[in-house]
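Have a look at the structure below before the remarks.
Just so it is clear, none of the values below were taken in a lab; they were calculated from the coordinates. Quantities reported herein were computed from a predicted structural model and do not represent experimental measurements. So basically every Cβ, Gly included, is an ideal-geometry build from the backbone, and we count neighbours across all protein chains shown.
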Amino acid sequence: MNESRPAMKIALVSVLTAVTVVFTLLVRVPTPIKGYISLCDVVIVFSAYLFGPWTALLSGGLGTGIADIIGGYAQWAPLSFVIHALQGLLIALIAHRKTEEDGTADTASLGAMIIGGIIGMIVMAGGYYVAGGILYGFQAALVEIPLNLMQSGVGVVLGIAVAKSVSKAYPPVRNLYW
Amino acid sequence: MISSTYVAGKGLIYHFDARSKLLLTLVLCIEVFLPVSPTGIYLLSLISFLIALYATGMKQALSPLKTILPLIIMMVLFTPFTYTDAPAAITAGNVQLATTEALYHLNLLIARFIAITYMATLFVWTTTMSDIMLTFQWYGLPYSGALVITLAFRFIPFIADSFKMISDAHSLRRVSSDTKGRRRSRIFDILPTISSALVFALKSIPNLAATLEHRGYSTGHRRTRYRTLRTKGPLFTHFLICVIIATSFYLLFSL
């Protein structure tokens, strides 16, 4: 990204934060057990792959924190902020892309994307397990691990697919990595 | 899509300064993890509930309880398995269902979770989003951080509406009409819908950046500043009340 345009960074993080909120609260995929999973992880993974660690950290943390407040789970907001920010940061750092001299970034390898995604899944499920354990007991928090792994797993699969399709459909995204 | 959590109501809590209210909420949330009696924590939950009841009415006041009910059920089901080396408190025939220690910890966990839920909810119900933002600013949130959050709130309805329109447009092209096929198609259809919605949202970034630059945000220097929070009475008094409540709670109920 052109470093002389801080407004571009502000605009990028703001729009992706709003997208994370919308995908957390509105976009839900039905599961075979008659439940729903939110797609916030798709945006976090997508942001990490295409826009780098800082964008993923800020938009992932702020987006899920704001979504928790709006959705009526204000007590979870600080925890979601930390967990998803860390998730986005680590995925982006592992699936790190080289930035060319002209400011564009080449695509991360599929292997790096998958490893980054798996680390992100562990961070997300593990983070919520620890937070849940402190809040309502470690035995009860165990129940949420499979659901969180499923949600973040769907996030990784869809996130990789969406990152590839969006970078083809809208090539200027390659200039927004920082 | 509703992007504000403020609930218009009545009561002194609406006139209490947002900065001291946030501090009190945080301090009390920390205090419930200190060695304090479950009775004190239940009392805190009860007071928070009664304030919510008076301020917003019964239906609204009960809504946080409904959202945490599944978690409370999980606590009841799973906590007894953690504490099994104590005298039995509940048995069914020869089977020990829960020990006295398990019941004590279950009681503490439920009390703590309800208290945290109600205190956090009460704060966001009784404080407008702009006051929450100004409170974070007062506590040191950088100008650019506050700008990101306010811009995100401005974009949430726009992105939610555009996602719905894109989703509706994509759903017009469904072929299958049977329920099973429709559900499967919906899962597969989500990918192009998400991609379209993301491209649509990303295309607004250059325009937003240009707008910010036209407003003077070009080199990171700010030309505007956020307004200062106004409060009824001296701010010191609000903070003093907050300190008195937090200290009294700890002194009265610490073990």
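Right, B:Ser37: within 13 Å of chain A (Cβ to nearest Cβ) and either surrounded by 19 or more Cβ atoms within 10 Å (Cβ to Cβ) or on the phi < 0 side of the Ramachandran plot (or both) or not? Spelling it out, it is not the case that B:Ser37 is within 13 Å of chain A (Cβ to nearest Cβ) and either surrounded by 19 or more Cβ atoms within 10 Å (Cβ to Cβ) or on the phi < 0 side of the Ramachandran plot (or both).
Within the range B:145-163, if we keep just the residues that are of a type in the set (Val, Ile, Thr) and at the interface with chain A (Cβ under 8 Å from one of its Cβ atoms), the residue that is surrounded by the fewest Cβ atoms within 10 Å (Cβ to Cβ) turns out to be B:Ile149. The set of residues from the range B:132-176 being over 20 Å from B:Leu208 (Cβ atoms) and part of a helix (DSSP H, G or I) comprises B:Ile132, B:Leu134, B:Thr135, B:Phe136, B:Gln137, B:Trp138, B:Lys164, B:Ser167, B:Asp168, B:Ala169, B:His170, B:Ser171. Being out of contact with any Phe, Trp or Tyr (no Cβ under 8 Å at 6 or more places or on another chain), surrounded by fewer than 20 Cβ atoms within 10 Å (Cβ to Cβ) and not hydrophobic (A, V, I, L, M, F, W, C): is that true of B:Tyr6 here? Judged against the criteria, B:Tyr6 is not a match. I'm trying to understand the selection: among the residues of the range B:54-94, which are at the interface with chain A (Cβ under 10 Å from one of its Cβ atoms), surrounded by 14 or more Cβ atoms within 10 Å (Cβ to Cβ) and within 19 Å of A:Ile70 (Cα to Cα)? B:Ser63, B:Pro64, B:Thr67, B:Ile68 - these are the residues of the range B:54-94 that are at the interface with chain A (Cβ under 10 Å from one of its Cβ atoms), surrounded by 14 or more Cβ atoms within 10 Å (Cβ to Cβ) and within 19 Å of A:Ile70 (Cα to Cα).
The listed residues are B:Ile13, B:Ile47, B:Ile30, and the only one of them that is free of Cβ contacts under 8 Å to residues at least 12 places away in the same chain and either away from chain A (no Cβ under 14 Å) or over 30 Å from B:Leu103 (Cα atoms) (or both) turns out to be B:Ile47. Pairs meeting the criteria (first residue in the range A:124-142 and within 12 Å of chain B (Cβ to nearest Cβ) and surrounded by fewer than 20 Cβ atoms within 10 Å (Cβ to Cβ), second residue assigned to a helix (DSSP H, G or I) and among the hydroxyl-bearing types (Ser, Thr, Tyr), beta carbons under 7 Å, at least 6 apart or on different chains) are A:Gln139/B:Thr79. Of the residues that make up the range B:125-132, is at least one within 12 Å of chain A (Cβ to nearest Cβ) and surrounded by fewer than 22 Cβ atoms within 10 Å (Cβ to Cβ)? Scanning the range B:125-132, I find at least one residue that is within 12 Å of chain A (Cβ to nearest Cβ) and surrounded by fewer than 22 Cβ atoms within 10 Å (Cβ to Cβ), so the answer is yes. The requirement of being touching a residue at least 40 places away in the same chain (Cβ under 8 Å) and not basic (Lys, Arg) is fulfilled nowhere in the range B:95-102; no residue meets it.
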